[in-house]
Amino acid sequence: MKKNRLSSALSSIVLLTYSVLAANTLLHAAPASGITPATTVNSDDAEMEQSGDFDQLDGIRDEAQASSASAPTYDDVPVDAIRRFVSIYEKVKANYVEPVDDNELFENALHGLLSKLDPYSDYLDAKTYEALLDFTEGEVAQTGLTVRPLTGADANWQIDQVDSGSPAARAGLQEGMLLYRIDGKSTRNLSQHDIDQLLRGAVGTTVELSVAESGKHSRNVRVIRATPEDNAVKVIEEPNGILVLKVSAFQSQTASQINQAIETYQKNTPLKAVLLDLRDNPGGLLSAAVEVADLFLNQGLIVYTKGRGEPEQRYQAVPPARYAQLPIGILVNHYSASAAEVLAGAFQDHQRAIVIGETSYGKGSVQKLWPIADGYAIKLTVARYYTPKGRLIEGKGIQPDILIKDQLSTNDIDNTLNSGVTMLRKYYQLP
């Protein structure tokens with residue numbers, strides 16, 4: 001009986017492997033016209049391309065057999081590796097401390113198949129896939145709370161502010177509560193940046209917080225992330241004609257918000273330079289970053305993508321640029337990622353702006369979504385971003401022209417921003 005079950009499992013794995021190999025062949029043979037692109041950030045978020053042509057694995061296998069002379073055969077299947085997998089599968093089924101469902105084991109295997117490739121490829125269940133599709137609209141969702149560090153307490157962090165009407169407020173969170181865990185992860189050794197990143201996510205997704213009022217037991221509270229209603233571009237006016245624009249994410253209206261901020265400022269004060277503060281900016285819509293570049297770059301390549309099975313895509317600046325002669329600075333830190341790095345890299349390569357701060361995160365890859373049966377999907381890295389001069393962003397980040405270590409704000413004074421403004425003035429020899 002065990003032998004029959006082993007043979008059955010082996011046959012299933014071979015069939016599954018064959019299906020995946022066939023799907024991969026069709027994936028690389030699919031014409032570009034069948035792809036509908038949409039871009040996102042990620043936390044976590046890079047360009048997402050979603051194809052609607054692959055609804056069923058069986059359909060992929062049949063179409064691949066009919067259309068590709070090089071479709072994989074059973075001879076291509078790594079039988080020894082599959083036998084090793086089945087052997088481990090049988091050991092887990094027979095000996096794990098608790099009974100394990102077959103579906104759970106296969107789900108785990110599929111997750112591992114993709115997640116071990118890189119941090120961004122993954123096997124998505126229906127709920128996660130639906131949430132990710134919402135996130136591809138480019139809106140960075142938040143909880144509406146901020147935290148501050150504590151010393152000498154059993155928790156390292158305390159909720160410092162809860163925005164009125166925010167998801168956190170609706171969930172019953174209050175200022176002064178201690179914060180112990182975020183989605184099961186202890187906050188004890190996390191930095192402020194780490195916590196901010198964990199609190200962000202796709203629109204409609206939830207984050208579970210372990211909190212407690214002083215002197216009481218902790219409890220878990222689930223908060224639904226939502227898009228902040230305020231402008232994603234915060235305006236800070238510095239003395240002597242310097243305009244700082246804090247861009248929290250690249251969303252559909254970011255370029256128009258930046259343009260409006262500059263126009264409004266110029267009506268009252270002569271504008272000498274703009275500093276784009278992209279610290280902690282996780283990215284967003286690639287198209288939005290390109291639109292922002294268009295405001296300041298009169299011509300030239302902004303970014304291009306290149307992958308093994310994907311056609312190269314090149315994004316060019318479209319003249320005339322509204323602010324082609326305006327001195328520009330870009331402030332980045334280790335948490336500036338994806339579309340933020342694309343913009344910084346383009347400006348740096350064209351010598352259009354001075355980049356100040358720390359080396360950025362290094363998230364410069366393109367993911368594509370393929371829906372499969374029953375609402376599931378796979379997210380697979382298919383290409384990478386390159387700056388106009390061919391620099392790879394993925395895993396390397398953008399090196400600043402002027403290095404400034406990001407510092408925590410003290411007494412509501414942003415020392416890093418002040419240093420950035422000083423360096424901007426010095427570089428452009430402004431008063």
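What follows draws every value from the coordinates through simple rules; no lab data is involved. Because the structure is predicted, anything quoted here is derived from the model rather than measured. A quick note on method: Cβ atoms are made from the backbone with ideal geometry, for glycine too, and the neighbour counts reach across all protein chains shown.
Gain on full extension, evaluated as 0.36 nm per residue between Asp101 and Gln399 minus their Cα-Cα distance, stands at 102.5 nm. Straightening the chain between Ala126 and Arg391 buys 91.8 nm, computed as 0.36 nm per residue apart minus the Cα-Cα spacing. As an equivalent ellipsoid, the range 200-330 spans semi-axes of 35, 24, 11 angstrom, where each value is the square root of five times an eigenvalue of the C-alpha gyration tensor, largest first.
What distance in nm lies between label points placed 7 Å from Cα along the C-beta direction at Leu430 and Ser409? Placing both labels 7 Å along Cα→Cβ, they lie 2.0 nm apart. Between the amide H of Val303 and those of Tyr315, distances stay under 5 Å, these residues lying 5 or more places away or on another chain, with hydrogens modeled in the peptide plane. Reported value for the range 203-280: 139 Å³ per residue, from the convex hull of its C-alpha atoms. Each principal axis of the Cα cloud of the range 164-235 was evaluated for its coordinate range; sorted largest first, these ranges are 39, 25, 24 Å. Normalised radius of gyration (Cα atoms, divided by 2.2 N^0.38 Å) for the range 269-385: 1.19.
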